[in-house]
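Chemist: Attaching a single structure in C-alpha cells format; questions to follow.
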C-alpha cells in the first residue's frame, strides 16, 4: 500500500499570512526551497479497495488536484480541529465522482463536533445531483477497523488539550497531531517499519505537538526503518532538517509518496 502526504504544515500553513510585503511569513524557513511551502496536514492511504482520505484540510481541493488524486472512496477523521475538518464542503465533489454518499469514520466525540459545524452534511440524501457533501458517518473506537475491505488499526494519541487518532496499516503508521504517546499507543506502534509523525518544533514540545527531541526518543524506542516528519511549523526548514537528521529520519513535504 501507499501513503500520499497531501499537506505537511501546521494549522496556519507555510508561509503564514503576513510577512514584510504581505506575501507570506516564512518564519525561519527558506522561501526559495519549494518543499517549505506547506499546506494544512492531511493524507491519502491507498488501499487495494480504494483511496482513504485522512482528514479534510481547508486546502483539500488544491492538494488532491496537485497530487493527481481524482477519487476518494472513504474518509477518516483523526480529530475535529479546524485545520483537519475545514475542507469538508469539498466532499460534495467527491460525492459526485463516487456517485453516492461518502463512508466516513471517526470517534463519537469527533462526530459530535463535526455535526455542530457541518450539520448539512449529515442530512439524508434524497438522490439526484450532490449540491452538498453527504456523509455516512460510522463511529469507531481504538482497535481494528475495517475500511474498504481492509483492516487498519486506530489508536488514541495525546494531543495536549484533547486527543487524536493515530492510524496503522500494516507496517506503516500515520501519527499527526500528537505531543505524547502513552503505553497503549506505543504498543500499537510496536514493530512499525515506516512512521509518519507530527514534529512541529525543532527544540521543545509545543503544548499540543511533538518536538524533534521527542520524535527522536520515539524512534530510539520503536526503531522504525524510516521516519518521516509532518505537521511542521515555521522553524522547520526542509534543507536544514535534511542535512542534520540522523539516518532513517527525514522531513516530509507536500505531495510526498511513501511506499
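The values are calculated or read from the model by the stated rules, or taken from the named source; none is laboratory data. Everything numeric here is computed off the predicted structure, so don't read it as measured data. No Cβ is skipped: glycine too gets one built from the backbone with ideal geometry, and neighbour counts run over all protein chains shown.
Chemist: Answer yes or no as to whether residue 208 is under 18 Å from residue 42 (Cα atoms) and in contact (Cβ under 8 Å) with a residue 24 or more places away in the chain.
Modeler: yes
Chemist: Quick one: in segment 219-240, of everything that is free of Cβ contacts under 8 Å to residues at least 60 places away in the same chain and farther than 23 Å from residue 2 by Cβ, which residue is surrounded by the fewest Cβ atoms within 10 Å (Cβ to Cβ)?
Modeler: Restricting to residues being free of Cβ contacts under 8 Å to residues at least 60 places away in the same chain and farther than 23 Å from residue 2 by Cβ, the top hit is 220.
Chemist: To continue, here is another question. Could you please let me know if residue 248 is at pLDDT 95 or above and surrounded by 22 or more Cβ atoms within 10 Å (Cβ to Cβ)?
Modeler: no
Chemist: Within the bounds of segment 124-139, is there any residue that is surrounded by 15 or more Cβ atoms within 10 Å (Cβ to Cβ), touching a residue at least 60 places away in the same chain (Cβ under 8 Å) and touching a helix residue (DSSP H, G or I) at 6+ places or on another chain (Cβ under 9 Å)?
Modeler: The answer is yes, given that some residue of segment 124-139 is surrounded by 15 or more Cβ atoms within 10 Å (Cβ to Cβ), touching a residue at least 60 places away in the same chain (Cβ under 8 Å) and touching a helix residue (DSSP H, G or I) at 6+ places or on another chain (Cβ under 9 Å).
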